[in-house]
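Here is the structure we will look at, set down as structure tokens.
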Amino acid sequence: MSPRNPGRFAGLLYLLVSIPGAFALLYVPGRLIVDGNATATAANIAASGTLFRFGIAVQLISQALFILVPLALYELLKGVSRRHATLMVILIVVAIPIAMLNELNAVAALALVRGADFLSTFEQPQREALAMLFLDLHARGLDVAGIFWGLWLFPLGVLVYRSRFLPRFLGVWLGLAGVAYVTLSLTAILLPQYRDRVFVISQPATIGELAFMLWLVIKGASPPRTSIEFD
């Protein structure tokens, strides 16, 4: 965590920012959203409105804080290739506003479930159906952001592979994780009937990002004093 071990600092930052993000992306939807059942989903959100709103807030905060992660990784890996390190930062920065603006879909779904006065012209089943539509749009928005969550792992994987102070297998694994994220996102958008199957198949690859994170936290990493830049 000290300047002598920037890898551990980057890994801890990566882990601490990712935990609340996982809460908002996995736990909250898993508790409240019932696939294909607008009535049950609306009832869950109405009964657990605080949890739903908390999930929105956590997602916004975690996305805003995540910008610190690629900046820390840039400092760690810029000596390998400034070009790849810059590309890594750009690709993940593109995903952040997409994910943050996407939370407006969740806000709209919450408003429909709560039945504000200006929505009184809609019957309850109509509001529930519209809320489910916005939740589906929210999921598709995450898939769009997921494309960039995958793309930034390609230059990161190259940097790790070339670094000489991190294991090469982690670089390969990060590249495979990038392929998995992009494939999963495109499948969810274009061929949603195959999403669950692709999700199961892609899990061993996506663990590569977690493995990299834990490696940095446990083992740390420090670039050599002399430059090893390939550009």
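The values are calculated or read from the model by the stated rules, or taken from the named source; none is laboratory data. Fair warning: this is a prediction, and the values are worked out from it, not measured in the lab. With ideal geometry, Cβ positions are generated from the backbone for all residues, glycine too; neighbour counts draw on all protein chains shown. Accessible surface is based on the protein model in full, side chains and every heavy atom, while ligands, DNA and RNA are left aside. Shrake-Rupley method; radii C 1.70, N 1.55, O 1.52, S 1.80 Å.
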Per the rule of 0.36 nm per residue minus the C-alpha distance, extending ASN5 to ARG114 adds in nm 34.3 nm
Under a Gaussian network model of the chain whose springs join Cα atoms within less than 10 Å, the largest fluctuation of THR121, THR39, THR183 belongs to THR121
The alpha-carbon center of the stretch 47-72 and that of the stretch 77-134 are separated, in whole Å, by 11
Rounded to whole angstroms and listed largest first, the alpha-carbon spread of the stretch 1-84 along its three principal axes comes to 54, 25, 15
Rounded to whole Å², per residue accessible area for the chain with a 1.4 Å probe reads 52
For the chain, the dipole about the Cα centre with charges only on Cβ (Lys and Arg +1, Asp and Glu -1), to the nearest 20 debye, works out at 1000
Ordered by number, the trypsin sites (Lys or Arg not before Pro) in the stretch 83-142 that occupy a DSSP loop and have at most 11 other Cβ atoms within 10 Å are none
For the chain, the charge dipole (Cβ of Lys, Arg +1; Cβ of Asp, Glu -1; about the Cα centre) points to a positive end, and the Cα of ALA24, GLY178, ALA40 closest to that extreme belongs to GLY178
TM-like helix rule applied to the chain (DSSP H, alpha carbon span at least 20 Å on the long axis, mean Kyte-Doolittle at least -1.0) gives 6-22, 49-66, 82-114, 124-151, 168-190, 195-219
Under the 7 Å Cα-to-Cβ spin-label approximation, THR39 and LEU15 lie apart by a distance in nanometres of 4.6
Farthest towards the positive end of the dipole of the chain, among LEU153, GLY11, ILE67 and with Cβ unit charges of +1 on Lys and Arg and -1 on Asp and Glu, lies the Cα of GLY11
Within the set PRO20, PRO125, PRO70, GNM on the chain using Cα springs under 10 Å gives the largest fluctuation to PRO125
Simple SL model, points at 7 angstrom along Cα→Cβ for GLN193 and GLU75; separation in nm is 5.1
Under the helix-only model (-39500 (n - 2.57) for each DSSP H run of 4 or more, divided by the residues of the chain), the mean residue ellipticity at 222 nm, to 500 deg cm²/dmol, is -26000 deg cm²/dmol
Expected unfolding gain across THR121-ARG83 under the 0.36 nm per residue rule, minus the alpha-carbon gap, is 8.2 nm
Measuring from its Cα centre, the stretch 67-182 shows a charge dipole (+1 at each Lys and Arg Cβ, -1 at each Asp and Glu Cβ) which, in debye to the nearest 20, is 880
With every protein chain in place, the accessible area of LYS78 for a 1.4 Å probe, in Å² rounded to the nearest 10, comes to 60
Taking the convex hull of the alpha-carbon atoms of the chain and averaging its shadow over every direction gives an area in square nanometres of 13.1
With all protein chains present and a 1.4 Å probe, the order of LEU191, LEU170 from largest accessible area down is LEU191, LEU170
Candidates SER18, SER62, SER48; GNM for the chain (alpha-carbon contacts under 10 Å) flags as most fluctuating SER48
On the accessible surface of the chain, probed at 1.4 Å with all protein chains in place, carbon and sulfur together account for a percent value of 68
